[in-house]
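Data block below; observations after.
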Amino acid sequence: MTEQFEPRIVGFLCNWCSYAGADLAGTSKLKIPSSLTPIRVMCSSRIDPVLILTALLQGADGVLIAGCHPGDCHYNEGNYYARRRFAVLKKVVDSLGLESDRLCLSWVSASEGQRFAEVVNEFNEKIKKMGQNPMKKKML
Amino acid sequence: MNKSAETSEKKGAVLPIKTSIQDSIKDLLKNGIDHCVFDAVMIPLRVPAGDSFSYVLIKNKSLLNDAFPLPPTMSVQGAKAVSSVTRLGNRNMKIAAVMRPCEIRATIELTKLDQTDLENIILISMDCPGTMPILDMVNEPEKTMTLFNDATKSWDDTQMRPVCQICDKSSMVAGDLHIGTLGTDKKSFFIIPNSTKGKDILEKLKLPLTDSIDSWNKKVKENSEKKLKKRQEVHSDLKNKIGDLTNLLDIFSQCINCHNCMRVCPICSCRLCYFDSNKVKHSSEEYLQRAKDKGSIRILPDTTLFHMGRMMHMSLSCVSCGSCEDACPMSIPVAQIFSMVADETQRLFDYVAGRCLEEPLPLRTYKEDELHEVEDVHG
Ligand code: SF4
Ligand code: SF4
Ligand code: FES
């Protein structure tokens, strides 16, 4: 990689916490990498893992799923289900020898603007080290 | 169907084999109809052309003569048959459904998915020596019949489908009654009840549970340990063979997107599969955009997404029955790949598809304190 690699990261952010956390990070003028494309969802449990797979197979370098902290889900238990599905997804990806490190599940509350910025920055750095998603240029 | 009911404490009835095990099972079923413990039997029948089998619902016991409790090949997965008869409810008819263990396990998964009504169903399984490739029967019916007949005696699985050769659950008792042929003197067989329903039936048929099934247990354990070892070897070979993106794409690049594998899968029971829906139909602009992004785009697209999506949606309930592989016109080892992935996803939750009705589907339940290893470590 000669040029500086700028990842593309898709972020599925829960409306009630992480999306608000992202907002807060923004209004607090914290630095958030431009690599993140946020998608607002009503709860971390509303994301069918197939959508995460779709992003990955289409070449997203990383996919971030962020929801409310366990116990704080607006719908009480959505994030617990989301965590199970995420575990299955990671296992499917792993068992086929693909890079499950490109997937990240994190909990960020509405008041954690700082944390949101850190989570995204860290993930972004990790993805930068991993380099481009090899699926980007593959016919699938 | 009780997980806690230890098989080792269980007793069974021993019955003599008169002419063949298949005939003895049929006698037992006739006896059941005579004693009104069930009104009908769902059982495979050889089709008139002789080159395949089909499940039929038999009320007239003389028709049972032509039935094959254990046919060499699996045409429609039994769980699909049970579901198609009982999905809308089944109040009036007690049906004994005679199937392989993997078909019963799929039936149990379908029940958890609200696709059957088991109230009046009696699930009867038997020790399964494996299933032969579905086309063997079409191509060489008589030879297949003979080979299979021999295999039921020798328990040699070399003619069986690859996924059967690595099946460690070929004697798993998950239904109401199980017919055990392993660990016997070949002149008799066991009937092992696995539920109150099963016990009641044996009582009504005046088959006392006096005999220890230790010899069966022992043989089953031996057999499944051997198979499990082979399963792990085959899966790890397969995993090495897939190993990375290029190899994975190579394997699925032969796929012709017919979706047969999904359509015959007993677990895939959604009325409209996501992968048949408009969600995966794209406009020409989208095709062009993707072609631009990726350099080119395969048409039809999303083949890998289909397979991985299906693994995501159903591998927790996959019973490794092999129907998908039988149905694949391109000879892609679908069932071997799915069984490998399924073992891994099911292990996450210490879940075994179809082991017992009371175990909830892993994605329909959760623990508050679990799986922290998949959470982002930050903070
Ligand atoms: S049956 Fe075979 S060819 Fe058809 S969709 Fe499934 S894997 Fe592809
Ligand atoms: S994926 Fe294949 S092996 Fe698994 S349950 Fe479905 S048809 Fe059977
Ligand atoms: S509402 Fe935020 S994770 Fe459920």
(request) Test each condition in (1) closer than 30 Å to B:LEU15 by Cβ; (2) surrounded by fewer than 17 Cβ atoms within 10 Å (Cβ to Cβ); (3) of a type outside the set (Phe, Trp, Tyr) for B:LYS227 and report the one that comes out false. (result) (2)
(message) Exactly one of these conditions fails for B:ARG263: (1) within 24 Å of A:LYS138 (Cβ to Cβ); (2) modelled with pLDDT of 95 or more; (3) surrounded by 13 or more Cβ atoms within 10 Å (Cβ to Cβ); (4) within 14 Å of ligand 1 (Cβ to nearest atom). Give me its number.
(response) (1)
(request) Test each condition in (1) more than 17 Å from the chain's Cα centre (by Cα); (2) facing chain B (nearest Cβ under 7 Å); (3) touching a residue at least 40 places away in the same chain (Cβ under 8 Å) for A:MET139 and report the one that comes out false. (result) (3)
(request) For residues that are under 20 Å from A:LEU89 (Cα atoms) and small (Gly, Ala, Ser), scanning just the range A:32-52, find the one that is nearest to ligand 3 (Cβ to nearest atom). (result) A:SER44
(message) I need every pair where a residue in the range A:68-92 that is open to solvent by less than 50 Å² (accessible area, probe 1.4 Å) has its Cβ under 9 Å from the Cβ of a residue that is among the acidic types (Asp, Glu) and within 12 Å of ligand 3 (Cβ to nearest atom), sequence separation at least 6 or different chains.
(response) A:ASN79/A:ASP72
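Filter the range A:78-105 down to the residues that are in a loop (DSSP other than H, G, I, E, B) and more than 7 Å from chain B (Cβ to nearest Cβ) and list them by number.
Quick first cut of the range A:78-105, residues in a loop (DSSP other than H, G, I, E, B) only: A:96-99.
Correct list: A:GLU99 only.
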(message) So, B:HIS378, is that one over 20 Å from A:SER45 (Cα atoms) and either of a type in the set (Gly, Ala, Ser) or at the interface with another protein chain (Cβ under 7 Å from one of its Cβ atoms) (or both) or not?
(response) yes
(request) For the range B:310-322, enumerate the residues that are small (Gly, Ala, Ser) and within 12 Å of ligand 1 (Cβ to nearest atom). (result) none
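Quick grid of which residues meet (1) more than 7 Å from every other protein chain (Cβ to nearest Cβ); (2) open to solvent by 40 Å² or more (accessible area, probe 1.4 Å); (3) under 16 Å from A:LEU89 (Cα atoms):
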| position | (1), (2), (3) |
| --- | --- |
| B:VAL280 | yes, no, no |
| B:ALA291 | yes, no, no |
| B:SER296 | no, yes, no |
| B:LEU305 | no, no, yes |
| B:MET311 | no, no, yes |
| B:VAL334 | yes, no, no |
| B:PHE338 | yes, no, yes |
(request) Please find, among B:ALA79, B:ALA13, the residue that is of a type outside the set (S, T, N, Q), assigned to a strand (DSSP E or B), in contact (Cβ under 8 Å) with a residue 60 or more places away in the chain and touching a helix residue (DSSP H, G or I) at 6+ places or on another chain (Cβ under 7 Å). (result) B:ALA13
(message) With over 30 Å from B:THR116 (Cβ atoms), of a type in the set (Ser, Thr, Tyr) and within 16 Å of ligand 1 (Cβ to nearest atom) as the only criterion, which of B:SER284, B:SER253, B:SER277 stands out?
(response) B:SER253
(message) Being out of contact with any strand residue (DSSP E or B) (no Cβ under 9 Å at 6 or more places or on another chain), in a loop (DSSP other than H, G, I, E, B) and within 16 Å of ligand 2 (Cβ to nearest atom) is true for just one of B:THR158, B:THR131. Which residue is that?
(response) B:THR131
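So if I check each of B:SER195, B:SER171, which one is surrounded by 17 or more Cβ atoms within 10 Å (Cβ to Cβ), away from chain A (no Cβ under 14 Å) and either hydrophobic (A, V, I, L, M, F, W, C) or touching a Cys at 6+ places or on another chain (Cβ under 8 Å) (or both)? Steps first, please.
Numbers: B:SER195 fails: either hydrophobic (A, V, I, L, M, F, W, C) or touching a Cys at 6+ places or on another chain (Cβ under 8 Å) (or both).
Answer to the check: B:SER171.
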(message) Looking at (1) basic (Lys, Arg); (2) more than 16 Å from ligand 3 (Cβ to nearest atom); (3) closer than 28 Å to B:GLU368 by Cα, which one does A:LYS29 not meet, given that it meets all the others?
(response) (3)
(request) Report, by residue number, each residue of the range A:53-67 that is open to solvent by 10 Å² or more (accessible area, probe 1.4 Å) and within 16 Å of ligand 3 (Cβ to nearest atom). (result) none
(request) Hey, can you tell me all the residues within the range A:1-24 that are at pLDDT 95 or above, more than 12 Å from A:ASN124 (Cβ to Cβ) and away from ligand 3 (no atom under 16 Å from the Cβ)? (result) A:VAL10
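The values are calculated or read from the model by the stated rules, or taken from the named source; none is laboratory data. Values in this document were obtained by computation on a predicted structure and should not be read as measured data. With ideal geometry, Cβ positions are generated from the backbone for all residues, glycine too; neighbour counts draw on all protein chains shown. Accessible surface is based on the protein model in full, side chains and every heavy atom, while ligands, DNA and RNA are left aside. Shrake-Rupley method; radii C 1.70, N 1.55, O 1.52, S 1.80 Å.
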